Amino acid sequence: MPFIKVYIHFVWSTKNRYPYLSTPELRTTMWKHIRENAKKKGIFIDFVNGYQEHCHCLVSLGDDQTMRQIMQLLKGESSY
């Protein structure tokens, strides 16, 4: 059986690109929350970072996961 590894780079922004993540402490808390949430849902995040109004995630897709599912789970949870 062949070995395949697929990485997807997701980027999303805050509503109207408003700088909700204006402080480094808030960003660190947000990235930690995204990682913990992803781990609970079986999503492997290799890297997460961003700036005041956007977020970057490098995600490794599992064999039973789709880009749509992962983005919905990550972005939906982080908006709260």
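The values are calculated or read from the model by the stated rules, or taken from the named source; none is laboratory data. Every value quoted in this text rests on a predicted model; they were computed, and no experiment measured them. Cβ sites come from the backbone with ideal geometry, for glycine too, and all protein chains shown count toward neighbours.
Going through the range 24-49 one residue at a time, which ones are of a type in the set (G, A, S) and exposed (fewer than 12 other Cβ atoms within 10 Å of the Cβ)?
G42
How do the pairs read when you match residues in the range 31-48 that are in contact (Cβ under 8 Å) with a residue 40 or more places away in the chain and farther than 16 Å from Q65 by Cα with residues anywhere that are among the small types (G, A, S) and surrounded by 12 or more Cβ atoms within 10 Å (Cβ to Cβ), using Cβ under 6 Å and keeping only pairs 6 or more apart or on different chains?
Here the result reads I34/S78, each pair linking the range 31-48 to a residue that is among the small types (G, A, S) and surrounded by 12 or more Cβ atoms within 10 Å (Cβ to Cβ).
Yes/no matrix, rows are residues, columns are (1) β-branched (V, I, T); (2) in a loop (DSSP other than H, G, I, E, B):
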| position | (1), (2) |
| --- | --- |
| I4 | yes, yes |
| S22 | no, yes |
| R35 | no, no |
| K39 | no, no |
| H56 | no, no |
| Q69 | no, no |
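Which residues, counting only those in the range 40-80, are more than 27 Å from P2 (Cβ to Cβ), among the charged types (D, E, K, R) and over 9 Å from the mean Cα position of the chain (by Cα)?
Those that are more than 27 Å from P2 (Cβ to Cβ), among the charged types (D, E, K, R) and over 9 Å from the mean Cα position of the chain (by Cα): K40, E53, E77.
Please pick out the residue among S78, S60 that is among the polar types (S, T, N, Q), surrounded by 14 or more Cβ atoms within 10 Å (Cβ to Cβ) and at pLDDT below 90.
Numbers: S60 fails: at pLDDT below 90.
Residue meeting the stated conditions: S78.
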